[in-house]
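See structure below.
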Amino acid sequence: MSIIRDAMCPILRDFLTYHEAIQGHSRKTVDEYYLDLRRFFRYLKRARRLVPADVPFDEIPIDDVDIALLGSVTVTDVYEFVNFLSRDCGVGAAGRSRKIATLRSFYKYLTAKTHLLEENPIQNLDSPRLKKSLPRYLSLEESIALLDAVDEPNQVRDYCILTIFLNCGLRISELAGLNKTDVRGDQLRVVGKGNKERIVYLNDACLAALKDWLEERDRSASTDPNALFITRGHKRMTTAAIHYMVKNRFLKAGLDSALYSSHKLRHTAATLMLENGVDVRTLQEVLGHEHLNTTQIYTHVNNESLRGAARANPLAKVKRKG
């Protein structure tokens, strides 16, 4: 559900319209841009003492922010804003990095697209250093155990969802958005981030699971006749409903639901494909990654070539004497 946007300055409104109408970004993404910039504008007005000190932060208006104020921003201002996010708002490194990315996009728009500013005042802005961690995933044996543990209620539907997750590596939002018409023979039309479409090919396991589910699905009434996956209440399954279902299926399979989620099933699909001969560029297409370096994190997971490098070390067979 989209958020309700407060009154805003024309510059911000035009920026959001540009990303939604021209760049084709989803309403959710544009809402995140709005929230990031609203917080920055409020911080800026308070830091510059443009509002009385007793005005609550969340009530600072942003409809009067103009290009003169935006053009006066410095890199130091942004670093102080980032410090405010960390110190006063408890925003983690990933959240701060995303907000800096929003500011970069906004100021690029002001300079390169609309030419409201001649120079970008935050061009040399650095992002917070993020801790890089390897994705957690299920082993092949754990994946099979998860599928084998699926029982009633909703056995056919849930088995189909888990099969698609584990074989196709979809994002949870992509799966929730699937329509019946997206199933086209052995192909699945997927709408990913930024409303970008891609085709994912279905293997025999997916085709069998979809056949069983569609037969059951067609016997059920639905408030959304297009939705591929529906609840027992005949509504399209939301991301929250899918997330809840996956967590329960982990529990029934004896897996720690605190460690795994639907996104870990995406990691599992990616890792299993890579381990079984899929090259990284093909995997990039399957997962819908815009940049190859996003996909390459999987090359560091259970990489046989790394094991080979360790075994090739001439000290590999040297053991303690005694």
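The values are calculated or read from the model by the stated rules, or taken from the named source; none is laboratory data. Bear in mind that the values here come from a model prediction, so they are computed numbers and not experimental data. Here the Cβ positions follow ideal geometry from the backbone for every residue, glycine too, while neighbour counts run over all protein chains shown. These area figures cover heavy atoms from the full protein model, side chains too; ligands, DNA and RNA do not enter into them. Shrake-Rupley method; radii C 1.70, N 1.55, O 1.52, S 1.80 Å.
For segment 268-275, indicate whether the set of residues that are more than 14 Å from Thr163 (Cβ to Cβ) and surrounded by fewer than 18 Cβ atoms within 10 Å (Cβ to Cβ) is non-empty. Within segment 268-275, one or more residues are more than 14 Å from Thr163 (Cβ to Cβ) and surrounded by fewer than 18 Cβ atoms within 10 Å (Cβ to Cβ). On the stretch given as segment 280-295, residues that are assigned to a helix (DSSP H, G or I), at pLDDT 80 or above and within 13 Å of the chain's Cα centre (by Cα) total 1. Name the one entry in Thr239, Thr181, Thr163, Thr231 that is out of contact with any helix residue (DSSP H, G or I) (no Cβ under 9 Å at 6 or more places or on another chain) and at negative phi. Among Thr239, Thr181, Thr163, Thr231, only Thr181 is out of contact with any helix residue (DSSP H, G or I) (no Cβ under 9 Å at 6 or more places or on another chain) and at negative phi.
Within segment 131-179, the set of residues being in a helix (DSSP H, G or I), open to solvent by 60 Å² or more (accessible area, probe 1.4 Å) and within 17 Å of Ile242 (Cβ to Cβ) comprises Gln155, Tyr159, Ser173. Looking only at residues that are under 27 Å from Ser26 (Cβ atoms) and of a type in the set (Asp, Glu) in segment 180-223, which one is surrounded by the fewest Cβ atoms within 10 Å (Cβ to Cβ)? By that ranking, first place goes to Glu197. When Lys193 is tested against (1) among the charged types (D, E, K, R); (2) at pLDDT below 90; (3) in contact with a Lys or Arg (Cβ under 7 Å, 6 or more places away or on another chain), exactly one condition is not met: (3). Cβ-Cβ distances below 7 Å connect the following pairs, each with a first residue in segment 96-114 that is more than 14 Å from Val75 (Cβ to Cβ) and part of a helix (DSSP H, G or I), a second residue that is among the β-branched types (Val, Ile, Thr) and at pLDDT below 95, and a separation of six or more residues or different chains: Arg96/Val82. Among the residues of segment 37-65, those identified as under 14 Å from Cys9 (Cβ atoms) and over 32 Å from the mean Cα position of the chain (by Cα) are Leu50, Asp64. Restricting segment 1-30 to residues that are among the charged types (D, E, K, R) and either surrounded by 18 or more Cβ atoms within 10 Å (Cβ to Cβ) or in a loop (DSSP other than H, G, I, E, B) (or both), the residue that is modelled with the highest pLDDT is Arg5. When Gly90, Gly95 are checked against the criterion of being at positive phi, out of contact with any Ser or Thr (no Cβ under 8 Å at 6 or more places or on another chain) and not charged (D, E, K, R), a single residue qualifies: Gly90. Scanning segment 43-85 for residues that are in contact with an Asp or Glu (Cβ under 8 Å, 6 or more places away or on another chain), surrounded by 16 or more Cβ atoms within 10 Å (Cβ to Cβ) and in a helix (DSSP H, G or I) yields one hit, Leu44.
Inside segment 97-117, residues that are under 20 Å from Leu12 (Cβ atoms) and either open to solvent by 20 Å² or more (accessible area, probe 1.4 Å) or of a type in the set (Lys, Arg) (or both) make up a count of 14. Examine segment 198-217 for a residue that is under 13 Å from Phe165 (Cα atoms), in contact with a strand residue (DSSP E or B) (Cβ under 6 Å, 6 or more places away or on another chain) and in a loop (DSSP other than H, G, I, E, B), and state whether such a residue exists. The answer is yes; a qualifying residue exists.
Of the residues making up segment 296-306, those that are at pLDDT below 75, not acidic (Asp, Glu) and not in a loop (DSSP other than H, G, I, E, B) are Ile297, Tyr298, Thr299, His300, Ser305, Leu306. Checking each residue in segment 85-117 for being within 13 Å of Arg39 (Cβ to Cβ) and of a type in the set (Val, Ile, Thr) picks out Val91, Ile100, Thr102.
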